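The structure appears below as C-alpha cells.
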Amino acid sequence: MLKAYLPQLNALLFLTFAGLALRLWLARFDLLFSETGAVVGAGYTAVHITLPVLTILSGVGFVIGVGFLVNEKFERIEVITYGIAAFVAIAFIGMVAGVVVQTLIVEPDELNLEEEYLNYNIGFTLAAYDLDTADEALFPVAYNLTAADIRENSATIKNIRLWDWRPLKTTYEQLQLFRTYYDFNDIDVDRYHFDGTYKEVLVSAREMNIRGLQPQAQTWVNTHLIYTHGYGAVMNPVDEVTDDGLPVFYLKDIPPVSPYFTLDEPRIYYGEETGNYVVTDTTTDEFDYPAETRTPTIYMTVPAVLVWIIW
C-alpha cells in the first residue's frame, strides 16, 4: 500500500531539499548584511568560512533531493543516507569553524585581517551617498580671523550649536513632559526658515508612552482606544539661552504655541517609540491632551470596558 505512494513522496522530498538548496544558495547574499565582523557586511570569516560552507551545503542539499527523485528507479537509498549525514556534518563543522576562526584568528588580528573588508565597507558607503566622486582638497588653516569675517559669515556663526542634545533631553523632560504618559524619545537636529532666516534647531516630538500610565489604568480600552497618540513637539534654536540658562523655545506647551508657526495637526500616531497598535475613529473618544490645571481622573468598571475621563 505504501509503495503506491512512493512516487509522490519522493517528489515531495525532492521539492523539499531542492527548496532548501535554493534557500541556502540565496543565503550567501545575506552575508552582505552580516554583523559578525568589524563592520556590517561580509568580513573575513563570512568570506573564507561561511560562504564556502553555504555553497557546499546548497550543492549537497540538491544532490539529496535528486537522490529521492531517482530513488524509485535505482533503489540506492545509501546515497540519500550518506548525503543527509554529510549535510549534517558539514553544517556542524562549518558552524564550529566559523566561531573558532572568528574568535581565535580574526579578533586577535582584526585590523589586518579585516582591512580589505573595511575598505569595501567605506567605499560602498561613500558610493551609496554619492560621495565617491567628491573632490578632496586640503584646507589650509590660517589664524587670521577678523570681525569682518564674522560679519560676512553671520549665518554660520549664528548656527554654531551651544546645546548638547543629551542634557537637553533631560531639560525637555523637566519642562515640557507634563505627564508620565508622554515621552521624548530623543532630540533631533533640523533646520527651518524663520522670518527668512535659515536656522538650525533642536526638536523632539512628544510621543505617547502608555507604559507611563498607572498600572490600574493600563486596560485594553485605555491603551488601544483612548490613549492613542502623542501631542505636539518642542523646539529651540541651537545658539540661544535665556538668562536662567534655559532653552529659548520656538515651539512648546500643550496645546503647542509658537511665535513663528502653527501646528495644524499636532497629534502623533506614528513616532520613533510607536510599538503599540491603536484603533481610531471609534465611538470611544480619544484622549487628546491633559487639562492644564489638574490631572485627569480615570474610573473603571469591572471588567474595565467603560472609561470616563473627568476634568
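Annotations
- Between Lys169 and Asp239, the FRET efficiency from the beta-carbon distance, with R0 = 22 Å, is close to 0.75.
- Most mobile listed residue (Asn119, Asn236, Asn185) in the chain, GNM with C-alpha springs under 10 Å: Asn119
- Cα gyration tensor shape for the range 2-128, rounded if a/c is under 1.5, else prolate or oblate: prolate
- Count of Lys pairs (Cα-Cα under 25 Å; at least 8 positions apart or interchain) in the chain: 7
- Here the range 2-128 is assigned +1 on the Cβ of each Lys and Arg and -1 on the Cβ of each Asp and Glu. Its dipole about the Cα centre then comes out at about 800 debye.
- Dipole of the chain, positive end: most advanced residue of Pro256, Gln174, Ala217 [Cβ charges, Cα centre]: Ala217
- Inter-probe distance in nm under a simple model that places probes 7 Å from Cα toward Cβ, at Ser154 and Lys73: 8.8
- Extending 7 Å from Cα along the Cβ direction at Glu110 and again at Asp186 yields two label points whose distance is 2.2 nm.
- Our coupling estimate for the range 110-125, obtained by passing each phi through the Karplus curve with A = 6.51, B = -1.76, C = 1.60 and θ = phi - 60°, is 4, 4, 6, 6, 9, 4, 4, 7, 4, 5, 4, 4, 5, x, 6, 5 Hz, Gly and Pro reported as x.
- Loop GluC sites (Glu not before Pro), the range 95-203 (other Cβ atoms within 10 Å of the site Cβ: 10 or fewer; DSSP): Glu136
- Qualifying trypsin sites (Lys or Arg not before Pro) in the range 147-187, where qualification requires a DSSP coil assignment and no more than 14 other C-beta atoms within 10 Å, comprise Arg161.
- Nearest-20 debye value, the chain charge dipole, Cβ charges on Lys, Arg, Asp, Glu: 1340
- Length gained when the stretch Trp220-Ile84 is fully extended (0.36 nm per residue, less Cα-Cα span): 44.0 nm
- When the chymotrypsin sites (Phe, Trp or Tyr not before Pro) in the range 222-275 are filtered for DSSP coil states and for at most 16 other beta-carbon atoms within 10 Å of their beta-carbon, the remaining sites are Tyr260, Phe261, Tyr269, Tyr270.
Bear in mind that the values in this text are calculations on the coordinates, not laboratory data. Here the structure is a predicted model, which means the values were calculated and not measured. Neighbour counts are summed over all protein chains in view; Cβ atoms, including those assigned to glycine, are modelled from backbone coordinates with ideal geometry.
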